[in-house]
Amino acid sequence: APQWKLSALPRYLPPDQVEQLVASCDITTLLGARDRAVLLLLARLGLRAGDIVDLCLDDIDWRAGRLKVCGKGHRETWLPLPQDAGDAVLKYLKKRPAVALDRVFLCAQAPYRSLQSSGVVSSIVDHALRKAGIKDPPSRGATLLRHSAATAMLRGGATLDAVSAMLRHRSLDMTV
């Protein structure tokens, strides 16, 4: 039987380990507050690492409780901002250095600048996995939390259409 490269089920963390990962952040520090906000956005909304890097201050509509994401193909989508993720972003923004940059997430050390690549976001996930003591995770990057969010939605009774919409897939075939 042929074995296709991407035919395996997505790698994910169970919900208790996702919560353990988020709880590993020390929110009393700038770095910990930033990392917690990043992890919650990845885990609750299934964002891509690039979505985190590209997120601007004007992309958050606090009154409506939503977040604008410009994903692949530069298609804009508004997603509901979960309460815990919104609270974490707000706590980070209160600690964030007052610099004239429109990106939400910055490097944690001076000179302050926006995150430079998706690899930085995956490094945040990898560092949190180590800090949380999660042994042998199925993978170590930001995609792990995207897959975990989708799996949690399916196990919670969401339809494939709903999961596909949240992940912003162009085709339902990408979700299956």
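The values are calculated or read from the model by the stated rules, or taken from the named source; none is laboratory data. All values reported here derive from a predicted model rather than from experimental measurement. Backbone-built Cβ (ideal geometry, glycine too); neighbour counts: all protein chains shown. The protein model used for the area step is the full one, side chains on, heavy atoms only, and it has no ligands, DNA or RNA in it. Shrake-Rupley method; radii C 1.70, N 1.55, O 1.52, S 1.80 Å.
Residues of the range 1-19 that are farther than 23 Å from I134 by Cα and either modelled with pLDDT of 95 or more or hydrophobic (A, V, I, L, M, F, W, C) (or both): A1, W4, L6. Of the candidates D161, D102, D84, the single residue that is at pLDDT 95 or above and either aromatic (F, W, Y) or open to solvent by 70 Å² or more (accessible area, probe 1.4 Å) (or both) is D102. Scanning the range 20-58 for residues that are over 18 Å from I134 (Cβ atoms), of a type in the set (D, E) and open to solvent by 20 Å² or more (accessible area, probe 1.4 Å) yields D54, D58.
Only a single criterion out of (1) more than 20 Å from I27 (Cβ to Cβ); (2) surrounded by 15 or more Cβ atoms within 10 Å (Cβ to Cβ) is not satisfied by A128, namely (1). Contact map, the range 22-50: first residue under 23 Å from Q109 (Cβ atoms), second residue part of a helix (DSSP H, G or I) and among the aromatic types (F, W, Y), Cβ cut-off under 6 Å, separation 6 or more or different chains; pairs are A33/Y92; R34/Y92; A37/Y92.
Exactly one residue among D35, D58, D51, D84 is acidic (D, E) and over 16 Å from the mean Cα position of the chain (by Cα), and that residue is D58. Residues in the range 71-97 that are of a type in the set (D, E, K, R), outside any helix (DSSP H, G or I) and without any contact (Cβ under 8 Å) to a residue 40 or more places away in the chain: E76 only. Against the conditions (1) among the basic types (K, R); (2) without any contact (Cβ under 8 Å) to a residue 24 or more places away in the chain; (3) not in a strand (DSSP E or B), K68 satisfies every one except (3).
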